[in-house]
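Only one structure is covered here, and it is reproduced in the block below.
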Amino acid sequence: MADLDLRLVRYFIAVAEHRHFGRAAEALHVTQPSLSRQIASLEQQIGARLLDRTPRGTRLTEAGEVFLPRARTLLRSAEQATAEARAAAEPGRFTVGFTSGVIVTDAVRELRRRHPEADVRSRHLRWDGARPALLDHRVDAVVTRLPFATDGLDVTVLYDEPRAVVIPVDHRLAGKESVTVDDIADEPMPRIIGADPAWAAFWRLEPRPDGRPAPEGPEIQDLEDKFEVVAAGEALVVTAYPTGIRLRPDLTSVPLHGVEPSQVVLAVRAGDRGRLVTAFRKVARTHITRPDPR
């Protein structure tokens, strides 16, 4: 049996997702030559070539295609085992995850007040980190925005947020009271590499009323890159309004009418009826509400 190093498995997954050694090395905070050596070591352990470099980047071999989903399951199982062991050793710890633009402070404070014996913490997550953080037991509850895959989770809608378009301050639509999808039909929108298709479609307003996809803007690595491409005039983006994030001085937002709102939700693991989960459900409904845009 192959004695697999989980660190090497994690490196392989990163290269497979980025389809590029350089971008994966940057995300992992390692050098590209070191990453190449680690992948070669993993391939030696397995006894099969997993990745091929091409002029356009990196692609999975047939063996790599077979190994990737199993590698993800392996890593997830290891992380879950670790998290569950820690949770068993610390039964009074409760961690609330949250993503950018949502505020959980009042709810966390109230849970601490009601349960002073518990170690209640909060943890910021990446925009796409809610589901994996819950399933891996890194957090016990998450406040975030739909859409994301909810199988295996219990989800409660806390409030709706209208959506808005973020544009440069000198854009032709700046200063308008509101805009519609027709007003931005020909504007390019960035695509985040590796984003969930349902999530991407919701924020790119796809498909458009005429069935077309949004015009393609630049590819970006992470959600935080979006404001840079907007400020540079390369694309515009749709976001929740109010965003909960202070915009740069060279950007502004305009409410977007005629589209369904974004929904801020509380998500927990399906069937979790722990006392702190139950208590946080109650305080979240009353203490996590839509911010006043003023």
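Some points to look at:
- Fluctuation leader among 273, 172, 56 - the chain, Gaussian network, Cα springs under 10 angstrom: 56
- Near residue 94, the amide H atoms lying under 5 Å from its own belong to 119, 120, 121; only residues 5 or more places off or on other chains count, and H is placed 1.01 Å from N.
- Remark on residue 20: its backbone amide H falls under 5 Å from those of 58, a criterion applied only to residues 5 or more positions apart or on other chains, H modelled at 1.01 Å from N.
- Taking each DSSP H run with n ≥ 4 as -39500 (n - 2.57) and averaging over every residue of the chain yields -11000 deg cm²/dmol at 222 nm.
- The chain: relative contact order in percent, alpha carbon pairs under 8 Å with at least 6 residues between: 20 percent
- Phi to ³J(HN,Hα) by Karplus 6.51 cos²θ - 1.76 cosθ + 1.60 over the range 205-216, Hz, x for Gly, Pro: 6, 10, x, 6, x, 8, x, 7, x, 5, x, 6
- Inter-centroid distance (Cα atoms) of the range 1-36 relative to the range 192-231, Å: 26 Å
- Proximity of backbone amide H atoms, modeled 1.01 Å from N, is registered between residue 169 and 251, 252 at under 5 Å, excluding neighbours fewer than 5 places apart on the same chain.
Every read-out reported here was derived from the displayed coordinates using simple, explicitly stated rules and does not represent laboratory data. Fair warning: this is a prediction, and the values are worked out from it, not measured in the lab.
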